[in-house]
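> Here it is, the structure, as structure tokens.
The values are calculated or read from the model by the stated rules, or taken from the named source; none is laboratory data. Owing to the predicted nature of the structure, the values given are computational and were not obtained by experimental measurement. Positions of Cβ are generated from backbone atoms using ideal geometry, with glycine treated the same way; all protein chains shown enter the neighbour counts. Ligands, DNA and RNA are stripped out before the accessible areas are found, and what is left, the full protein with its side chains, is counted by its heavy atoms. Shrake-Rupley method; radii C 1.70, N 1.55, O 1.52, S 1.80 Å.
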Amino acid sequence: MKTIYFTLLFFFSLSLAMAQSIKPYIAILKTENGKYKGILYKVDSANAILNHDGEFIKVPINEIKTVQIRTIKKGYEGMSFIKIGEDRAEEYKMNTAGKMVDKWGKEEPGLREDAAATAFSVVFTAMANAVALPIHAINPNLARFNFNKIDRNKLNELSYYSIYYQANPNVLAELNQLKSISSSFKP
């Protein structure tokens, strides 16, 4: 009975790990007729299928000139350097003279200092975000394929980035390819 539970647990954890390892990639296909962009869903011997906003686009392989593969980036979240309006009740304590001081004896800033710090924080944060946003928007290619002539190896390599292949890998073909590579290797 323990063996059955262990086996079921093993297959459940393996399927959960396989489901989490699928990573979608953005593909930009340039053809003679135009440019197509979307998530690479499937590559077969006749078509490359893209998912563009829930709509599947079939692009014939013989029309494709170049393919660029990119990762999907998360949205940019702005950064904040100084917290505005924070409660400093725990930070400052009343001393014997009746003034609020921190643990090193420095007095609590007044209204003028708080307003200056707030204005500086807003300006500095806006400048930092204005510089960081264009840097975050850069999305370099992971791979680039030229299809001047149709090559089966290029199609196989391109299919590695598709969602369909990641969900249904051809393990036997991969093992045969590794075997052929290792047989040609001479130390």
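> If you rank L172, L29 by how much accessible surface each has, with a 1.4 Å probe, what is the order from largest down? Write out the running numbers ahead of the final one.
Details: L172 120, L29 0 Å².
Result, largest first: L172, L29.
> May I pose another question? Could you report region 66-187's accessible area per residue, 1.4 Å probe, as an integer in Å²? Before the final figure, lay out the partial values.
Working: 9530 Å² over 122 residues.
Per residue, region 66-187 has an accessible area of 78 Å².
> At q = 0.13, 0.14, 0.16, 0.20 Å⁻¹, what log₁₀ I(q)/I(0) does region 27-149 have when each alpha carbon counts as one equal point scatterer in the Debye sum?
So the normalised log intensities are -0.70, -0.75, -0.87, -1.08.
> Of the peptides 68-79, 94-105, how do they stack up when ordered by the mean number of other Cβ atoms within 10 Å, highest first?
Values: 68-79: 11.7, 94-105: 9.5.
Highest mean packing first, the order is 68-79, 94-105.
> Decide, for region 132-178, between rounded, prolate and oblate: order the square roots of the alpha carbon gyration tensor eigenvalues as a ≥ b ≥ c, take rounded if a/c falls under 1.5, and otherwise choose prolate if a/b is larger than b/c, else oblate.
On the way: a/c = 3.33, a/b = 1.76, b/c = 1.89.
In terms of gyration-tensor shape, oblate.
> Moving on to the next point. Could you order the peptides 148-157, 30-39 from most to least packed, using the average number of other C-beta atoms within 10 Å per residue? It would help to have the intermediate numbers written out before the result.
Values: 148-157: 11.3, 30-39: 13.9.
Averaged packing, sorted descending, gives the order 30-39, 148-157.
> Of all accessible surface on region 53-147 at a 1.4 Å probe, what whole percent is carbon and sulfur?
Numbers: 4240 of 7220 Å².
Carbon and sulfur: 59 percent of the exposed surface of region 53-147.
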